[in-house]
Amino acid sequence: TVQNASLSPNNWQCVRDGDLTVIFANTGQFDENVQVNVKNTALGINATASLSILENTQQSLVVLVSAPNTPRGTYTLDVSATYFFGTKTSLSTASLQIGNCAPVLDAIPAQNGLELSPLSFTIHASDYDAGDVLNYASNRSGVSIVKLNNSAAQVSWIPQNTDIGMQSIQLSVTD
């Protein structure tokens with residue numbers, strides 16, 4: 001019978017997959033072949049794995065579970081085990097919490113500018129979680145950021161006479 005079914009990690013962030021460990025106990029007098037199915041129809045999860053359990057032993061089986069493009073929320077995974085030596089099926093559930101994915105700022109190539117001359121360029125970002133509002137920021141005073149749309153912003157800066165040489169401006173995006 002299924003003794004335990006636990007998802008690790010059970011709190012998914014941006015990576016929408018994990019390992020479901022199912023622990024079985026075979027108290028019978030015969031070896032058993034078991035097929036495990038992990039399912040959540042709404043999420044499109046339907047993973048299967050097989051295991052041969054020796055008589056009077058406890059063994060575990062790891063099933064890779066993946067739920068790409070799944071929105072944030074808490075979900076229940078149904079775990080069933082079908083024993084091939086008989087027709088009995090045991091059931092369990094595992095809880096899955098899917099959290100926020102941080103947005104990603106695209107690579108920004110080096111920019112060249114002159115003192116007292118405006119320097120302007122566009123930055124782009126993406127977020128796995130559709131619908132999140134993105135916010136852009138800089139760590140340097142005098143840098144202006146104007147959001148063009150949710151995935152792009154215009155960065156402007158006027159280097160001063162004291163800004164000779166290589167300068168570093170840290171830009172970030174949050175949701």
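The values are calculated or read from the model by the stated rules, or taken from the named source; none is laboratory data. Not measured: the values here are computed from a predicted model. No Cβ is skipped: glycine too gets one built from the backbone with ideal geometry, and neighbour counts run over all protein chains shown. What goes into the accessible areas is simple: the full protein's heavy atoms, side chains included, and nothing from ligands, DNA or RNA. Shrake-Rupley method; radii C 1.70, N 1.55, O 1.52, S 1.80 Å.
Values as computed for the structure displayed
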quantity: Region 42-175 - accessible surface per residue (Å², probe 1.4 Å); calculated: 61 Å²
quantity: Within the accessible area of region 52-164 (1.4 Å probe), percent carbon and sulfur; calculated: 54 percent
quantity: Nearest-0.05 FRET efficiency for GLN154 and LEU116, computed from C-beta distance (R0 25 Å); calculated: 0.80
